[in-house]
1. Here are some residues: GLY37, GLY27, GLY66. Which one is closer than 23 Å to VAL159 by Cβ and in contact with a strand residue (DSSP E or B) (Cβ under 9 Å, 6 or more places away or on another chain)?
2. Please go through the range 84-109 and pick out each residue that is among the hydrophobic types (A, V, I, L, M, F, W, C), open to solvent by less than 60 Å² (accessible area, probe 1.4 Å) and over 19 Å from VAL23 (Cβ atoms).
3. So GLN153 ticks every box in (1) open to solvent by 40 Å² or more (accessible area, probe 1.4 Å); (2) in a helix (DSSP H, G or I) but one. Which box is left unticked?
4. Scan (1) open to solvent by 40 Å² or more (accessible area, probe 1.4 Å); (2) modelled with pLDDT of 85 or more for the single condition PRO73 breaks and write down its number.
5. Taking GLN123, is it modelled with pLDDT of 90 or more, more than 19 Å from the chain's Cα centre (by Cα) and not aliphatic (A, V, I, L, M)?
6. Please determine whether any residue of the range 195-207 is of a type outside the set (S, T, N, Q), at pLDDT below 95, more than 20 Å from LEU31 (Cα to Cα) and not in a helix (DSSP H, G or I).
7. Scan the range 162-182 for residues that are surrounded by 15 or more Cβ atoms within 10 Å (Cβ to Cβ) and either modelled with pLDDT under 95 or assigned to a helix (DSSP H, G or I) (or both) and report the count.
8. Does ARG132 satisfy the condition of being more than 27 Å from VAL35 (Cα to Cα), touching a strand residue (DSSP E or B) at 6+ places or on another chain (Cβ under 9 Å) and modelled with pLDDT under 75?
Amino acid sequence: RGESPLLTFDLDIEGTLSLNSVVPGNGQWVLYLSVEGVAPSTVREPIQAAAGVESVRIITEADQSGRIEVVRPELPLLDAVTDAGATLQGATVSPDSTRFVVDAPFDADVSHIVNHVTEEFPQADLVATHERDREPTTAARPGELFDELTPRQREVLEVAYMAGYFDWPRDSTAEAVAETLGLTPPTVHAHLRKGEQKILSEFLRTD
């Protein structure tokens, strides 16, 4: 049992929550968490009761595992990490602790990032740092495909993907994606089709 700076709620379960993805939106964060060792319906109520949480939706559920979607307008941990020039790559919340992995640019001042985060969360400790070598490549980076999208198109595509809209059978409908983002279903369909068209055109176009 303990307070998680990831979601700022008291965790009183035997299972583990793992952060799969974070989608920044228009004034909100959308988090996708996998649940292991306990049914998602068990953690839904304590997360929904946490301060600042707008909604919690179960995407998939089994007896001891599943995936959930959490929407909240602000998240102090993510705000602290992004303000320091880094990104949150993953996190795991267990009854004993919260462990998160932060990715920073090669020329970033790691001590500045650590100090910035620990100012907001004094209970945080730096466990380890690792440097990763990125080999040069002439292939287009996956992120370059998203450069052609508007921020809203990218947001809709990411939320739809993480919510299982593209799975078969679908884990989420366009209506569910629209509700998460505060949009109408026709608007979601329009953003999805325009976004898909732009990405596919980069793959399939011929000069």
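The values are calculated or read from the model by the stated rules, or taken from the named source; none is laboratory data. The structure presented is a predicted model; accordingly, all values stated were derived computationally and were not measured. Note that each Cβ is placed from the backbone with ideal geometry, even for glycine, and that neighbours are counted across all protein chains shown. Protein only, heavy atoms only, side chains kept; ligands, DNA and RNA dropped before computing areas. Shrake-Rupley method; radii C 1.70, N 1.55, O 1.52, S 1.80 Å.
1. On the way: GLY37 fails: closer than 23 Å to VAL159 by Cβ; GLY27 fails: in contact with a strand residue (DSSP E or B) (Cβ under 9 Å, 6 or more places away or on another chain).
Only one candidate qualifies: GLY66.
2. ALA84, ALA104, ALA108
3. The single condition GLN153 does not satisfy is (1).
4. (2)
5. Details: modelled with pLDDT of 90 or more: no; more than 19 Å from the chain's Cα centre (by Cα): yes; not aliphatic (A, V, I, L, M): yes.
No; evaluated as a whole, the condition is false for this residue.
6. Scanning the range 195-207, I find at least one residue that is of a type outside the set (S, T, N, Q), at pLDDT below 95, more than 20 Å from LEU31 (Cα to Cα) and not in a helix (DSSP H, G or I), so the answer is yes.
7. Summing the residues that are surrounded by 15 or more Cβ atoms within 10 Å (Cβ to Cβ) and either modelled with pLDDT under 95 or assigned to a helix (DSSP H, G or I) (or both) in the range 162-182 gives 8.
8. Values: more than 27 Å from VAL35 (Cα to Cα): yes; touching a strand residue (DSSP E or B) at 6+ places or on another chain (Cβ under 9 Å): yes; modelled with pLDDT under 75: yes.
Here the answer is yes, as ARG132 does meet what is asked.
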